[in-house]
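Read the structure below first, then the notes.
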Amino acid sequence: MLTKTDTAASIVVCSTCRLNDEAREDETGKRGGALFAEAVREAAARRGNSDIHIEETACFFACSRYCTVHIRDEGKISYVLGDFRATEADAEALLDYFEHYLASKDGVVPYGKWPEGVKGHFITRQPPAGRVIGK
Ligand code: FES
C-alpha cells in the first residue's frame, strides 16, 4: 500500500483529485490532480529549480477540497492544502510558499510572507514524528 520515497523536503500532490465539480478527468483522461502536479513541475522548471521534490500520491481523504497537496520536510510541521486548480498562478503561489517553508526552522512561515494564492487553502497541519505542536 505504501511506496518508499525520498525523505527530502517535498511537495506531494494528490494525483487522483478531480478536475472540476462536473468531471474527474479532462478530455485526455488526466485527473485534475495529475494536471496540477504537471503545473507545479513546469513552474519549478521555469524557476530553474527542477530539483524540488514533487511527488504524486493517491487520495488524502480531502477530496472536496480538490486539488490537494501535502508539504513536508523532515523534523518540520507539515501541511495539507487544497482548493488548487491546474493553473500557472496556483502552481506559482504554492512554490512561493514552499520556498519560505524550506527556509523556515520548524515549518512555520510567518503569515506576512504567505502568498495571496495560499491564503484560505490550509486544511490541516501535522507535527513531525516524535513531536507535538505547541508544547
Ligand atoms: S482524490 Fe485527492 S484528496 Fe481525495
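None of the figures in this text is laboratory data; all of them are computed from the coordinates on show. In this text the structure is predicted, and so the values were computed from the model without any measurement.
In the chain, the longest principal axis of the Cα atoms and the axis of helix 32-46 are about 60 degrees apart. The angle between the Cα long axis of helix 88-103 and the main principal axis of the chain comes to about 20°, on a 0 to 90 degree scale. On full extension, the segment bounded by Asn20 and Ala103 gains 26.6 nm, given 0.36 nm per residue less the C-alpha separation. Annotation: average projected area of the chain is 8.9 square nanometres, based on the convex hull of Cα atoms across all directions. For the chain, the 222 nm mean residue ellipticity estimated from helices alone, with every DSSP H stretch of n ≥ 4 adding -39500 (n - 2.57) and the total spread over all residues, rounds to -7500 deg cm²/dmol. Exceedance of the 28 Å cut-off in Cα-Cα distance is limited, within the set Lys30/Lys76; Lys4/Lys113; Lys4/Lys105, to Lys30/Lys76; Lys4/Lys113.
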